[in-house]
Amino acid sequence: MSEHSEADRPIRVLFVCLGNICRSPVAEAVFRDVVRRRGLGHAFEIDSSGTGSWHVGHPPDSRMRATAERHGINMDGMRARQFTAGDHSDFDHIFAMDKDNLQDILALDPGAPQRDGSRYRVRLFREADPEPEDFQVPDPYYGGDAGFERVFEMVLRTSEVLVDRFEEEFGLVRKL
């Protein structure tokens, strides 16, 4: 991960999928919950976006919201937005949900993976997953409830590991 001084500002983390209504908003909500439970909310700014524009302004998919709610995660008030080239400079870490989204993100700023000396700034979210399979979070949009549950489990497991890594690397102090 990249160098970061906690004294400067919070670590800015962005999750990106295709439409910003299933995978990336649940990653935002779950990651936010993990950092909150650990007393690290002060150390992060967390957001999500989509590479496509067709869902801008819409809330997360009702099936994703229901899945998250069953696990105690609230997604109320979230609205889809589109990834912009400016996000490259606005966020310290950008996590793509799949390889297509990763390529779309990089196409907006080919120098992004190396910006500020960090080759890890833009990468696949599931690179941190202890069970990475093909390193992609599958899109549950056209499937049934089981797909949304599977995505939630991947996101939770990966978010826990990412927060562990951020906490260790940056020496984050918990405020419980």
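Glu153 fails exactly one of the following numbered conditions: (1) touching an Asp or Glu at 6+ places or on another chain (Cβ under 9 Å); (2) surrounded by fewer than 18 Cβ atoms within 10 Å (Cβ to Cβ). What is the number of that condition?
(1)
Restricting to region 156-172, count the residues that are surrounded by 15 or more Cβ atoms within 10 Å (Cβ to Cβ), over 13 Å from the mean Cα position of the chain (by Cα) and of a type in the set (Lys, Arg).
0
Please verify whether Ser49 is in contact with an Asp or Glu (Cβ under 8 Å, 6 or more places away or on another chain), modelled with pLDDT under 95, farther than 17 Å from Phe148 by Cβ and small (Gly, Ala, Ser), treating the condition exactly as stated.
no
Any residue in region 61-79 that is assigned to a strand (DSSP E or B) and not small (Gly, Ala, Ser)? Walk me through it before giving the result.
Quick first cut of region 61-79, residues assigned to a strand (DSSP E or B) only: none.
No.
Only residues in region 132-150 that are closer than 13 Å to Ala68 by Cα count as the first member; pair them with residues that are among the hydroxyl-bearing types (Ser, Thr, Tyr), Cβ under 7 angstrom, at least 6 apart or cross-chain, and list the lot.
Close Cβ pairs (under 7 Å, with a partner that is among the hydroxyl-bearing types (Ser, Thr, Tyr)) amount to Phe148/Thr67; Glu149/Thr67.
Considering every residue within region 129-142, establish whether at least one is outside any loop (DSSP other than H, G, I, E, B), surrounded by 17 or more Cβ atoms within 10 Å (Cβ to Cβ) and at pLDDT 95 or above.
No: zero hits.
Taking the condition charged (D, E, K, R) and surrounded by 13 or more Cβ atoms within 10 Å (Cβ to Cβ), does Arg70 pass?
no
How many of the residues in region 85-110 are in a loop (DSSP other than H, G, I, E, B) and in contact with a strand residue (DSSP E or B) (Cβ under 8 Å, 6 or more places away or on another chain)?
4
Give the residue that is surrounded by the most Cβ atoms within 10 Å (Cβ to Cβ), with candidates limited to residues of region 37-56 that are of a type in the set (D, E, K, R) and over 16 Å from the mean Cα position of the chain (by Cα). Break it down into steps so the answer makes sense when it comes.
Start the filter on region 37-56 by keeping residues that are of a type in the set (D, E, K, R), which leaves 37-38, 45, 47.
When the remaining residues are screened for being over 16 Å from the mean Cα position of the chain (by Cα), the result is 37-38.
Working: Arg37: 12, Arg38: 17.
That would be Arg38.
Taking interchain pairs and intrachain pairs at least six residues apart, which have beta carbon atoms under 6 angstrom, with the first residue in region 78-105 and farther than 17 Å from Arg32 by Cβ and in contact (Cβ under 8 Å) with a residue 24 or more places away in the chain and the second β-branched (Val, Ile, Thr) and in a loop (DSSP other than H, G, I, E, B)?
Once the first residue is farther than 17 Å from Arg32 by Cβ and in contact (Cβ under 8 Å) with a residue 24 or more places away in the chain and sits in region 78-105, its partners that are β-branched (Val, Ile, Thr) and in a loop (DSSP other than H, G, I, E, B) give Gln82/Val56; Phe83/Thr51; Asn101/Thr51; Asp104/Thr51.
Any idea how many residues of region 4-44 are among the aliphatic types (A, V, I, L, M), at pLDDT 95 or above and not in a helix (DSSP H, G or I)?
So the answer is 7.
Between Arg115, Arg119, Arg126, which is at pLDDT below 95, within 22 Å of Ile46 (Cα to Cα) and part of a helix (DSSP H, G or I)? Explain how you work it out, then say what you get.
On the way: Arg119 fails: part of a helix (DSSP H, G or I); Arg126 fails: at pLDDT below 95.
Arg115 is the lone residue from the list that is at pLDDT below 95, within 22 Å of Ile46 (Cα to Cα) and part of a helix (DSSP H, G or I).
Are there any pairs with C-beta distances below 8 angstrom linking a residue in region 37-63 that is within 22 Å of Leu102 (Cα to Cα) to a residue that is of a type in the set (Ser, Thr, Tyr), with the two at least 6 apart or on different chains, and if so which?
Ser48/Ser24; Ser49/Ser24; Ser49/Thr84; Gly50/Ser24; Asp61/Tyr141
The values are calculated or read from the model by the stated rules, or taken from the named source; none is laboratory data. Computed from a predicted model, the values in this text were never measured in an experiment. Methodologically, a virtual Cβ is constructed for each residue, glycine included, from the backbone with ideal geometry; neighbour enumeration extends over all protein chains shown.
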